[in-house]
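Computed from the coordinates by the stated procedures, all read-outs in this text should not be read as laboratory data. Here the structure is a predicted model, which is why all the values come from computation and not from measurement. No Cβ is skipped: glycine too gets one built from the backbone with ideal geometry, and neighbour counts run over all protein chains shown.
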Amino acid sequence: MRVLIQRVTEGRVVVTEEVVGEIGRGYVLLAGVGEGDDEQTIAKMAEKVVNLRLFNNDEGKFDQSLLDVGGEALVVSQFTLFGDARKGRRPSFIAAARPELAEPLCDLFAVKLKELGVPHVDTGRFGADMKVDIHNDGPVTLWLDSAEW
């Protein structure tokens with residue numbers, strides 16, 4: 001699994017002019033499920049995300065987690081995180097999981113975040129043409145790849 005974390009003041013997903021997901025302060029999580037990912041991978045990624053200390057303490061240092069600040073999460077499925085553009089001009093996405101595997105695991109990721117204590121978790125719409133509004137805070141952006149663990 002690959003997740004691009006963006007710390008935000010707010011985030012929103014719109015599909016055909018309908019807001020389908022929206023949060024205040026927290027993380028917009030662009031989440032890609034790869035071939036071979038399973039429920040254990042998802043659970044470990046969720047635990048990592050909620051406990052990373054990417055929010056400032058009173059001294060301005062990254063010392064508080066999403067849970068510490070009561071932050072929210074917006075999960076947006078993003079198979080393109082598995083794009084491989086090393087050859088040619090058209091990226092290959094063969095490392096991304098097939099939709100029938102990716103969709104339930106992406107949904108499970110949102111469920112796990114909620115189970116771990118994130119007070120508000122929203123999602124985009126899997127497979128839809130989404131417009132994502134990200135009000136990056138900092139900006140703070142971090143890349144996580146479960147294959148590196």
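Of the chymotrypsin sites (Phe, Trp or Tyr not before Pro) found in segment 8-113, those that fall in a DSSP loop while having at most 16 other beta-carbon atoms within 10 Å are PHE93. For a quick check, take a GNM of the chain with Cα springs below 10 Å and name the residue from ALA128, ALA43, ALA73 with the largest mean-square fluctuation. Of the options given, ALA128 has the highest mean-square fluctuation.
A simple spin-label model places pseudo-atoms 7 Å from Cα toward Cβ; at ALA95 and VAL111 they are separated by 2.8 nm. Spin-label model, LEU142 to ARG86: label points 7 Å out along the Cα-to-beta-carbon direction sit 2.7 nm apart.
Extension gain, GLN40 to ASP133, is 30.5 nm, computed as 0.36 nm per intervening residue step minus the present C-alpha separation. In the chain, Cα pairs under 8 Å separated by at least six residues give a relative contact order of 38 percent.
Pairs of Lys residues in the chain, spaced 8 or more positions apart or belonging to different chains, with C-alpha separations under 27 angstrom: 10 in total. Of the candidates GLY71, GLY34, GLY24, which one comes out as most mobile in a Gaussian network treatment of the chain with C-alpha springs shorter than 10 Å? Of GLY71, GLY34, GLY24, the Gaussian network model singles out GLY24 as fluctuating most.
The alpha carbon centroids of segment 132-149 and segment 54-99 are separated by 4 Å. Where both bridge residues fall in the chain, DSSP classifies roughly 75% of the beta bridges as antiparallel. With a cut-off of 9 Å between beta carbons, the residues surrounding VAL33 carry a summed charge of -2, where Lys and Arg count +1 and Asp and Glu -1.
What does the charge add up to near LYS131, with Lys and Arg as +1, Asp and Glu as -1, over the other residues with Cβ less than 13 Å from its Cβ? After counting each charged neighbour, the total is -3. The trypsin sites (Lys or Arg not before Pro) of segment 26-85 that DSSP puts in a loop, and whose beta carbon has at most 14 other beta carbons within 10 Å, are LYS61. Residues of segment 22-57 with an amide N closer than 11 Å to a point placed 7 Å from the Cα of ASP63 along the Cα-to-Cβ direction: 56-57.
P(r) for segment 2-148, from all Cα pairs and a bin width of 5 Å, is 2, 10, 19, 23, 20, 14, 7, 3, 1, 0 %, short bins first.
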